1. Computed from these coordinates, which is semi-axes √(5λ) of the Cα gyration tensor in Å: (1) 75, 24, 19; (2) 60, 25, 21; (3) 42, 32, 28?
2. Assigning unit charges at the beta carbon (Lys, Arg +1; Asp, Glu -1) and nothing else, what dipole magnitude in debye, to the nearest 20, does the chain show about its Cα centre?
3. What distance in nm separates the two pseudo spin-label positions at residue 547 and residue 165, each 7 Å out from Cα along the beta-carbon direction?
4. Which of the three applies to the range 187-286, rounded, prolate or oblate, going by the alpha-carbon gyration tensor with a ≥ b ≥ c and a/c under 1.5 meaning rounded?
5. When only alpha-carbon atoms are used, what values of Rg and Dmax, in angstrom, describe the range 289-401?
6. List, in the order given, every pair from 58/283; 285/506; 285/330; 363/413; 285/493; 413/466 whose Cα-Cα distance in the structure shown is over 18 Å.
7. With the contact rule set at Cα under 8 Å and sequence spacing of 6 or more, what percent relative contact order holds for the range 307-429?
8. From the backbone phi of the range 283-297, what are the Karplus-calculated ³J(HN,Hα) couplings (6.51 cos²θ - 1.76 cosθ + 1.60, θ = phi - 60°) in whole Hz, Gly and Pro given as x?
Amino acid sequence: MTADTTTETDPGPPGSTAGLDFIRQIVVEERRAGKHGGRVHTRFPPEPNGYLHIGHAKAICLNFGLADEHAGFCNLRMDDTNPTTESAEYVQGIEEDVRWLGYDWGERFFYASDYFDQLHRFAVQLIEADKAYVCDLRGKEVSEYRGLWNEPGRNSPCRDRSVEENLDLFARMRAGDFEDGSRTLRAKIDMASSNMNMRDPAIYRIRRVPHYRTGDAWCIYPMYDFTHPLSDALEGITQSLCTLEFEDHRPLYNWFLENVDVPARPRQIEFARLNLSYTVLSKRKLLELVEEGCVSGWDDPRMPTIVGFRRRGYTAVAIREFCGRIGVAKANSVVSIAQLQDAVRQDLNQHAPRVMGVLRPLKVVIENYPEGQVEQIEAVNNPEDESMGSRQVPFSRELYVEQTDFREDPPKKYFRLAPGQEVRLRYAYFITCHDVVRDPATDEVVELRCTYDPETRGGYAPDGRKVRGTIHWVSVEHALEAEVRLYDHLFAKLNPEDVDEGGDYKDALNPDSLEVVTARVEPSLASAPAGSRYQLERMGYFCVDTESTEERLVLNRTVTLRDTWAKIEKMRLAGQREK
C-alpha cells in the first residue's frame, strides 16, 4: 500500500535556502537536485499510548508546515505496534489535537497495523536472504550477549540456524506454538558493531495480547525500529523527521530499507526535541502523574498536553506561533516556558474580550450613592480591537473590589484605596475611603465605607484633578459567583528531571500549582460557553472550563498579565552570578 505520490499544485522551482533552518535547507536542496522527483511528503507518526504534549506540537507544526510550504503532503499515522499500551481513546485524542492545531491530513490517515501482513512478508524476505534468524535467548541473556558499548558482543548460539529452520520456527511463532518471550526474530547484522542498535536487533517478539484494531489475529508483533522505516517507505515518505534520540537508529533505519524490496527510500533527518522549563515531556512520566493522582487527568490544565493547554485556554494560534519562534535546531536545549506564555498573551491580548472580575472580594458601600439606584456603565470590550464594541456593566451602591486594592496603612507611592485616598473605579466614578468595618471575631477588614463624586462619571473629573490609581469592581447585587482555578507551574524546579541519586522527578511537584477561590464576576459572563476566553481586567486571562454549567461558572486562569516566573528566574540567575 502506498500513499499519494503526486502533488495537487505545481510547487514551482525550489527557492533560496537563505534564512531557513537546516531541515528546510535540506529539503530545498533535495528538490533542486530532483531527489524523490521533487516531491515533499512527510508524516507525523505518534504511538497511540498517551495524549500528545507540547513537544509533539513542535513535530506536528514542522511536518505539516514543511509539506504545506512545498505543496506536498503530510500523513497522519499511528505507529501502533505495542498492544499492551495503545488504545482507540488515544487515537481519537491525537486526531482531535492535530485538527485543533489547524492541520488536515485529508485521506492520508494510516496505521502501522494496516501493514502487519506486509511487514510479516518483509520479515520472511529477510529470513530467506539469511539476514534474520529466530533466537531462543531471553531478555537477560540477550543483554549479556550484546556486550557493552566499548566491547563487542557475542553471536547468539542460534545465529547459524539454516534458512529452512528459521522459516519453520518463525511460522510456528506466528501460529502461536511458543510462549511469550521464549523466542524473537532478530536481524543478522553485526554483533561487533560500535553502534549497539546494529547488534542483531529484535524485529519480532511473541506477545499474546489482543490489539485494539486487529484483535487476536496476531500473537507476534513487529518492533518499532523495524516497522517505522518500512511504513515510511510503503507510504512514499520523502523526509522522515524525528528527534535526536533516533540519530543512532538511523543506520538501522537505512539497513532495513536496503535489505527488503520497498517502493521508496525515505531519508531520516533528526532535530532537537523540545525541552521546556518547569515541565516534563515524557509520556511515561505524564501517564504516571495521571495514574498516581498527581493531576486530575491528561486534560488537567497544569499538564503540558495539548488537551490540557486547550482546557486551560491556550489557543492553537499561540502554540503554532511559539513553535515557529523556537525554530528547528540540531542541538538539544531548554526553552523557557515564558516564551510559550508570551505567545499566548500576545494572541489573547488581541482577541480576548475584557470583563471585570474580583478574585478575592472586599465589600465597598458608597454611602452617598442613592439606595436602590442602578446605572449601566459603558465598558470597552477590547481596546486592541474597536470592532468588538462595548458592553453595559451595572453599577450600584454596594460593590466588590479586590482585597489587595486596599491598604489601611499604605506605603509611599501606593495609589489604590486607603483611608482618605481617592481612586478611580474603572469606567465609573472617583471614590474616597473614609471608614473601615472589621469582623469583631478576627479583626479582619470586611467592608469599606466610601463616598463618590457624581461629577466624575466615566472616570474623569470636570475640574481636571488627576487620580493616580484605577481599580476594577463588580456590583454586589448583580455579580455572578464563580469558582476560579488559579493554575501555576506543575513543577517548582526549572528542570524537574535533574534529581539527586535516589530522588524522583515528582519530588519537584509544586504544592502551590493550584489555588481555588470563590470570585465575583460581572453578569456578562452568564451562560458563557466552555472554552470561551476573557481577560479579567488587571488579573490575567481566563477560560471557561469544561465543567462549567449554567448553575456553576468555573474559570481557569490561562496566564497572568505578567510573567512573574521569568522575573523570579532572572533574580535567581543574578544571585548566582553575584556568588
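1. (2)
2. Working: 74 positive and 95 negative charges, 298 e Å.
Using Cβ point charges on Lys, Arg, Asp and Glu, the chain gives about 1440 debye.
3. So the label points at residue 547 and residue 165 sit 6.2 nm apart.
4. On the way: a/c = 1.43, a/b = 1.10, b/c = 1.30.
Rounded shape, in that the Cα axes give a/c under 1.5.
5. Every Cα atom of the range 289-401 included, Rg and Dmax give 20.7, 68 Å.
6. Details: 58/283 15 Å; 285/506 9 Å; 285/330 25 Å; 363/413 24 Å; 285/493 16 Å; 413/466 15 Å.
Going by Cα-Cα distance, 285/330; 363/413 fall outside the 18 Å limit.
7. 20 percent
8. 4, 4, 6, 5, 5, 4, 4, 5, 5, 8, x, 5, 9, 7, x
The values are calculated or read from the model by the stated rules, or taken from the named source; none is laboratory data. All of these numbers come straight from a predicted model, not from anything done at the bench. So basically every Cβ, Gly included, is an ideal-geometry build from the backbone, and we count neighbours across all protein chains shown. Side chains included, ligands, DNA and RNA excluded: accessible areas come from the protein's heavy atoms. Shrake-Rupley method; radii C 1.70, N 1.55, O 1.52, S 1.80 Å.
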